Every structure is written in C-alpha cells, then in structure tokens.
1. Filter segment A:56-80 for residues that are at the interface with another protein chain (Cβ under 10 Å from one of its Cβ atoms), out of contact with any Leu (no Cβ under 8 Å at 6 or more places or on another chain) and modelled with pLDDT under 90; which is surrounded by the most Cβ atoms within 10 Å (Cβ to Cβ)?
2. Given the options A:36, A:4, name the one that is over 24 Å from residue B:333 (Cα atoms), within 13 Å of chain B (Cβ to nearest Cβ) and either at pLDDT 90 or above or not in a loop (DSSP other than H, G, I, E, B) (or both).
3. Inspect all residues belonging to segment B:4-11 and state whether any of them is without any contact (Cβ under 8 Å) to a residue 40 or more places away in the chain and either assigned to a helix (DSSP H, G or I) or surrounded by fewer than 17 Cβ atoms within 10 Å (Cβ to Cβ) (or both).
4. So residue A:29 passes all but one of these: (1) closer than 24 Å to residue B:347 by Cβ; (2) within 12 Å of another protein chain (Cβ to nearest Cβ); (3) in contact (Cβ under 8 Å) with a residue 24 or more places away in the chain. Which condition number does it fail?
5. If I ask for residues that are of a type outside the set (D, E, K, R) and either under 11 Å from residue B:219 (Cα atoms) or loosely packed, with under 13 Cβ neighbours inside 10 Å (or both), which ones from segment B:164-183 would you list?
6. Name, by its number, the condition in (1) closer than 19 Å to residue B:204 by Cα; (2) surrounded by fewer than 16 Cβ atoms within 10 Å (Cβ to Cβ) that does not hold for residue B:98.
7. What do you reckon, is residue B:350 more than 9 Å from chain A (Cβ to nearest Cβ), among the basic types (Lys, Arg), touching a residue at least 12 places away in the same chain (Cβ under 8 Å) and in contact with a strand residue (DSSP E or B) (Cβ under 9 Å, 6 or more places away or on another chain)?
8. Of all residues in segment B:207-243, which are modelled with pLDDT of 65 or more and either under 30 Å from residue B:115 (Cα atoms) or in a helix (DSSP H, G or I) (or both)?
Amino acid sequence: MGSITVNAQGNIIASTVSSNYSKSLLGDISREVLVIFREARDAQLPLAEVNVHFGSLRVTARETRGGAIIFLMPQTALLPSPK
Amino acid sequence: MEERHKILVVDDDADWLDVCREMLSQLPSKPEIRTVGAGARAIAQLDSQPFRLLLCDLKMPKMDGLQVLSIVRRRFPDLRTVVLTSLEDEEFRSRAYSLGVDLFWLKSDMQQNTKMFLDCVESLLGRETDLNSGFRGVQSKSLMDIIQLECMSRNSTVLRITRGPLVAKIWIQDGELLDAQVGNVRGEAAFQKILAWKSGTFENMAAEPGHERTIQRSINALLLEIAQSIDESTEPAQTEMIEKADHRRTVWRLALLAAEGAEFVVTVPPDGQGKSEAWGTHNAEQVTAWTRRAAEAVKRLGDRLEAGPLSFIAGGSMERRLIMLNRDDKLFLVAWPTEAAENELLEKTKKLVASWDS
C-alpha cells in the first residue's frame, strides 16, 4: 500500500500511500508509532523496528534518528503470513 | 531483628570472587557474603560457623569443586549448594547433581541472566520452614516440581528416590513418563505412592530408553490428579496451600523461561483485574507500563485504520526481539535473543504463553 516517512516531530516528510488515506489519518498513524518507539526507549527497551499485525493490515515501522519510516502492507491470503 | 543469612563463595579466581560479591550484594535479603580462594579453606570456614548457602567453582587446584561438594554433602547436609563453573560439560553437571547440589549454573549464563540467577539464589536462601521439607538435589522442591522440570526439559533420566529404607525409581524418556516402581508396585499406583513422599533424597541416573512403558497417561494429567488427591487427604491450612501453589508456579515459570530460552516475560491483565507480573527483567515496572501503553497505542491505530483484530506485535533491536500478544484478555510481552526469525519466535511465544498458567 505504501510508506510514510516522518521526522522526530511527527511531521510527514514523504509518503507513497494512496490519497484515499487522509493526511490526518497518516498523521495519527505516525504519532502512535513514534509514541511506541519513544516510550520503549524510556522503558530501556529501545526498538529499531516494530511490526504490528492486524487482521487485514501489517504496519512495519523502522526508527530513523528519532523519526520513522512506516510501511503499510495489506494482509491477504496470497501474502506470506506469520500465522 | 532477623538474622542475615551467610553465603560462602569458593573460587580460585580472585576477580571472579569480586564479581560474585558485587552481584550477590544485590540480593533483596542482603545476606552476609564471605569468599575464599581454595576448597580446604571453604571447609574450614564451614566448620567454624554456620552458612546457609555455598557457591562453589569446580575447577580449582588441590581440592576441586567435586571433592568439596562430596565433603559438604556428608558433613553439612543442610547446607544449600550451587555450582558456578565455566565447564560446559554435561558430565560435570550430572556428577554435581548426583552429589546433591541444588543448582548448577554456567558462569556465562549467570552473567547474562543475572536477574534469574539472583531469583534462584534468593529462593534458595528461602524460608526457615523450607529446610525441613523437600528433596535434596534441586533446591528444596517437592518431588512433583522436580518431575515437572525433568519432563518440561524433555529430559531422559531415571530418578532414584530414597526415603529412609524405601527406594523408588521413576523412568522418564524424552520428557515422557514411562514407569515408576516402589517395592513390588509399578506404574501409576507406584507413581502415586512416591509422590506422596514429602522428603527424601534423589539422584539422576542414566536413562534407560528401552525400559518397558507402564504409564500411558500424560504427565500433566497424572500430576494434577495426584496433587488433588494429596491436597484432599492432607487438608493443609488454606494459606499453606496458597504458598505451595505460589512456590510451584514460580518454579514452573522460571523453568519455562530457562527451557524455552526467553529473556523475560511480562503479563499485564486488563485494568482492575489483578496485578501485572514480570519474570526475568530488572525494570519490571517500566516494561509493564510500556506494554500497557504500547497496546493502547496499537489499539487506537487499529481502530483508526479499521484494520481488523490485532494478531500480535513484534519488535526488535540489536539486543533482543519482543513479541506481544493477547491471551484471554491478558497481555503477554516475551523477550527473546535476536537469533531466531519472527515466525519462529511467534510460535515459541504462543507455546510459552499456552503453558504459562499450567
């Protein structure tokens, strides 16, 4: 589906996600992902990558200098699934 | 004022003694720690004053650790013993256990899993009441705990248990219970008799893979049935039962962590439904709080994306990999070493979580 690049402040720097996804939705996704990274660091569990597996979507985020690159990938029966 | 327990550490490496002293000083019960550099001096110390626990190296000049442990077993039968060694040889492990040591730790494991090591030592220092019950060999555990450990570790062994003039044997092959014998009684009936023993000594003997199988039921089913019948027959006070159950659960979970190779486990129930628990991590409070907040953030994310139910969350760094999943409304966060792939870790996590409350 595409990727979003966000800086440490949560601002979207680049996006390849369809315009069907509103800016505010992408902003919300970015914020939640950055919260997960930041609070993991605070808990002394620094993470370089997070994969969230939902029923129909996988969100993969990689941390980059306080910001993140977030990949949104559909989960379908045709894709390899970790289940 | 409660008297502090004394721990004696014997090792010919002075630097290692310093490491031990520093590590053991973190124990919550703040025991008194003495160190000596030779086996003979350890025996002299034990002769001169009472100690609760001996931490003993194996490879030492003149009198080696196995000799020390052999003397200790005869002269100080109540002393708890832990072997700390760099020798990764299974033969030394079984010889040490046959000498009745409570724990066998590799020095490298001890440094990597400090929290778990300290939990084990603290458990060995334990309560006074522990001294008069349990089986010498692995802490002061019940025989049920010992058998659970052997089966869960998929071990193959013959446990020889003695209680005064009585001698019993339990055959375990690849974690499956094959047979039990006490006197002329064999099979499940013998197993039930043996498990009613509250104290004794045991030793691990070489496995006998070809031994006839007389017990067909699963170990968990049998242990559950026997535990119920023992509880019903003895009717101990409720608090004592709770303490025993807690102790058994602790042993089970620490053993699960060690057997599966997980670094730590944190469980977080829904708000207001019990307390969170953490095993194997130093900063339990912070990790627990993060687990809860990360789950909330992911829930908001899922709601916003309308992406369907959450399956699991995986995270990784150079140090460890994390798997978070939900079971019966309880969140489980399990940390693993970095070697394994996500799919493999997910399966291992599911297995560990499924066994967690067994």
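The values are calculated or read from the model by the stated rules, or taken from the named source; none is laboratory data. As the structure is a prediction and not an experimental result, all values here were calculated from the model. FYI the Cβ positions are ideal-geometry reconstructions off the backbone, even for glycines, and counts take in every protein chain you see.
1. Only one residue tops the list, namely A:56.
2. Every option except A:4 fails the conditions.
3. For segment B:4-11, residues without any contact (Cβ under 8 Å) to a residue 40 or more places away in the chain and either assigned to a helix (DSSP H, G or I) or surrounded by fewer than 17 Cβ atoms within 10 Å (Cβ to Cβ) (or both): present.
4. (1)
5. Going through segment B:164-183, the residues of a type outside the set (D, E, K, R) turn out to be B:164-168, B:170-173, B:175, B:177-178, B:180-183.
Result: B:164, B:165, B:172, B:175, B:177, B:178, B:183.
6. Result: residue B:98 passes all but (2).
7. Considered against the rule, which asks whether it is more than 9 Å from chain A (Cβ to nearest Cβ), among the basic types (Lys, Arg), touching a residue at least 12 places away in the same chain (Cβ under 8 Å) and in contact with a strand residue (DSSP E or B) (Cβ under 9 Å, 6 or more places away or on another chain), residue B:350 comes out as yes.
8. Residues satisfying the conditions are B:219, B:220, B:221, B:222, B:223, B:224, B:225, B:226, B:227, B:228, B:229, B:230.
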